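Okay, structure first, notes after.
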Amino acid sequence: MERALTQNHRSDMPWYLRFIVGFGAWLASAFFIGFFLVLIGDQQNHRITFGVSGLVLLVLSTLLFRQNLGIFVSQCCLAASLAGQFMIYFGFLPEQHHTLGTAAVLSVGLAIVLYKLYPDTLQRLIICTAALQITLAWIYLGNNGHGFLEPADFPWPTVTLAVALYWALHLIGIAWCYLRVSRQSALLAPLGLALVLSLTAWQLENLGSIWVQNEILPVWFSNHATANFVVARWPFYLRPICTALTLFGVIVWAAGGIEKLRQFPLPFTCLAAALTALLWLGVGGVFLPLLLITLGFFVESTVMKGIGLILLPVFLFNYYYNLNLDLLAKSVTLIGSGLALLLLRAGLRRWLQVDRKETL
Amino acid sequence: MEPIPSPLDRAATIPLLRRLLAADALTIDEAKCLENRLRQDLPWSLWLDRGLLILGVILMITGVGYFFAHNWQHLTENDKLGLASGSVLVAFIAACYAGFDRFLGKLLLLAASLLVGVFIAVFGQIYQTGADTYELFLAWAVLIFPWVALGRFVPLWLFWLGLINLTVGFYWPVSHNLFFESYESSRCFRYETLSLLAINLIALVLCECAVWAKITWVDRHWSAWLLLTAALISITTETTYEIIRTWDGSINAWPTVYAVAFHAILILGVAFYFGRVRPSLPALALDTLSACWMLMMLAARLVLSGHADPLSGQWLFMGFLVLAIFGGGVFLLRAASRFIAH
C-alpha cells in the first residue's frame, strides 16, 4: 500500500519546485520547437513535411516519456508532444473541405491512442478537452464553418437535438467517471475532468450568446396587467432538464442511493419541486455549477468544486445583468432572492440540526 | 524544514482510495465501503448552511447597491456624502466595539478602510476636484494610516502598502522634471520600477526587523513572500526591459549593465538571507525563478539578437542553455532544501 501511495515520484517535491521545473521545461521546449520550425522553413509549402515532423516528434516524446526519466524530462516531453500534435493538425487538415469534420475525427483518434500510450494526467486532460471542444465546434458549425444544412421539411431542429444529445453524453460521461467505484476510476479521472472543463467552457461560451437568448429571460415584471412569461420552445429546455436530472441523481447517490430516496421521500420530493421551479423560471443555467459543486464536494475534487464556485457567480451575474428590468425591479429581485435563500437556510437549519458553533 | 511524513499517516480521501484501488491495494468492496464511510463524514450540512448564508447576504447587499443606484440621481449631495461617511463611521464604531484585539474588530477596521475609498470616490464625483489619480490614492493611504497603525493587522498593512504602490505607479506618468517637461517614457518606466522596488524592499526589511524584534503579530511567512514577490517582480521587469531596449545594439548598454548587476546583488542577498539567516524554501524558489529568468533573457540577448532571421542552430543552442539554467536552478534549490532540513 505504501508503494502504491508513493508511486508518483513527484510526491516529495513541493508544488512550487514542480512549477519551476515545468516552467523551465516548457521554455526550453519552445526553443527546440522553434529550431524545428526554422529548419523546415516555409510551412505553407511544406505542410505534409510539417505534419510528418509533428508525428515523429509525438512518437519520440511518447517513447521518451515512458522511460520515466524524471519530472524535468516529462515536462519537456509534454511540451514536445503538444507541439507535435499541433504540427499534425496543421500538416494534415484539408484547407478547404471538411476541415472541422476531419479535425474532429483526428482529435478523437489522437485522444484514444494517446490516452493509452501516454499515461500523464495533464496530457490526457488536454487531449480529451481538445477532442470534446473540436467535436462541439463541428456540431455547431458543420464541416466548413457554415453549419449543417437541414432538410426543409424535417420537423425537428436537428442541430439543437444533436447539441442536446452531446450535452447529455457529457453528463453521462461525468457520472460514469465519478459515480462508479472500479479499478478504472483513477484511470478515468482525467477524462472526467476533461468532460467537466468542456461543459464549463461550453456554458461560458453560451452565456455570452445563444444560451442566454434561448433559455433565460422570462418576463416576470412587465408593464401589462398579467405577467407575460416567455416560454422557450421545448428543444431548448433539453439541456437544463438533463442537467437537473443529473443533479438530482448525484444528490440521491450522495445521500446513499435509492434506499434513502424511499426512506425519506418528502425531502427529495421538495428538491425535485425546487429544481422544476427553477427550470420553469428560466434559471436552468444554475444547475451546472450546482452539479459541479455538489459532485466535487462528494468525490473530494477540489478542482471541480473550484470550477463550480467560479461558474456560479459568473452565471448569476450574467443572469441578473441580462434581466430586462429597471434598476428598482432588479433591486427587488435580488433582495427577494437573497431573502428566499436566507429563509431556506433558516428552515433547513432546524431540520439539519447544524451546530451553531460551526457557523459564522 | 520538517521531515516528510510517511504516506501511510496521511488522511484518507476519496481520490486516494481510488488510487489504491487502481493499484490493487484494495478490493472493490473495500473501496466502496471506505468511500461510503468517508462520504457520510463529509460536513455537507455545514457547507450548505454557509453557502446559503454567503449567497443570500451577497444577493441582498447587491440588491441594496442596485437600490442606491436607482435612487442616486434623486439623492442630494449631502445625502450622498452622508451615506458614504456614515458607512465609514458605522464600520469604525463597530470595530471599536468589537475590539481591535479581536479578529472581528480587525476585519471591521479593514472594511472601514475600504469604505474610506468609497467616500473619496463620492467626494471626487460631487466636487470634481480635478485631482490626479495618484493624489486620490495618496489621500486614501494618509487617511487610513492611523487605523493601520492601531489595527496591528497584517492584511491591513499589506492593503495600505498596495495603496502606496498604486500611488507611485500612477505618479510617474504624470510627473515632471525640474524644467516642467514630462519624462521620456523609458526614464519614466525606469523610475517607476525602481521606486516600486525600493518601497517593497524597505517594507520587507522592516517586516523582517520586526520579526527579529519578536513582534509576534508581524510574523507571517506569507506576508514576507508577498513582499519579496513584489520586489522581485519590479527588479525583474526593469532588468528585462533594459535588456530588450538594447536588443539591436543601437542604444547605450550601461543602464542594462547596472540593472543586471543590481539584480544579481539583490538575488545573492536574498539567497543568503533566506538560505542561511532565516531559511525559507519558498522564498529561495522565488529568488531562483527570478535569477533563471534574468539569465535566460541575457542568454537570449547574446545568442539571438543582431540577426534578422535567427539560424536554426541558435534556437537549438538556446534550448540547451535554458535547460542548463533551469536545471541548475532546481539542482541548487534541492541542495538548499536538504541543507535546511538538516
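List of remarks:
- If you sort A:Y237, B:Y127, B:Y258, A:Y178 by accessible surface, 1.4 Å probe, largest first, the order is B:Y258, B:Y127, A:Y237, A:Y178.
- Buried accessible surface for the B/A pair, both sides summed and rounded to the nearest 100, is 6300 Å² with a 1.4 Å probe.
- The range A:252-311 and the range B:136-172 have their alpha-carbon centroids 43 Å apart.
- Solvent-accessible area per residue, Å², over the protein assembly as shown with all protein chains present [probe radius 1.4 Å]: 54 Å²
- Shape category assigned to the range B:53-109 from the gyration tensor of Cα positions, a/c cut at 1.5: oblate
- Once the chain from A:V56 to A:F86 is taken as fully extended at 0.36 nm per residue, the excess over their C-alpha distance is 9.6 nm.
- Estimated translational D of the protein assembly as shown in µm²/s (Stokes, Kirkwood radius over Cα pairs; 37 °C; 0.692 mPa s): 108 µm²/s
- In the range B:143-235, the trypsin sites (Lys or Arg not before Pro) that fall in loop regions by DSSP, at most 11 other Cβ within 10 Å: B:K214
- Solvent-accessible area assigned to carbon and sulfur over the protein assembly as shown amounts to 69 percent, based on a 1.4 Å probe.
- Pairwise FRET efficiency - A:A30 versus B:D248, Cβ, R0 = 22 Å, nearest 0.05: 0.50
- Multiplying the residue separation of A:R183 and A:A274 by 0.36 nm and removing their Cα-Cα distance gives an extension gain of 29.1 nm.
- For B:S186 and B:Y97, the FRET efficiency from 1/(1 + (r/R0)^6), where r spans their Cβ atoms and R0 equals 60 Å, is about 0.70.
- Once both labels are positioned 7 Å from their Cα atoms along Cα-to-Cβ, the gap between A:A340 and B:F339 label points is 6.2 nm.
- Taking every alpha-carbon pair in the range B:59-175 and binning the separations at 10 Å intervals from zero gives 13, 37, 34, 15, 0 percent.
- Computing FRET efficiency as 1/(1 + (r/R0)^6) for B:L143 and A:A162, where r is the C-beta to C-beta distance and R0 is 56 Å, gives about 0.40.
- For chain B: rounded, prolate or oblate by the Cα gyration tensor [a/c cutoff 1.5]: oblate
The values are calculated or read from the model by the stated rules, or taken from the named source; none is laboratory data. Worth saying up front: this structure is predicted, and the values here are computed from it rather than measured. In this analysis, Cβ positions are derived from the backbone assuming ideal geometry, glycine residues included, and neighbour counts consider all displayed protein chains. Heads up: the accessible areas ignore ligands, DNA and RNA and are worked out on the full protein's heavy atoms, side chains in. Shrake-Rupley method; radii C 1.70, N 1.55, O 1.52, S 1.80 Å.
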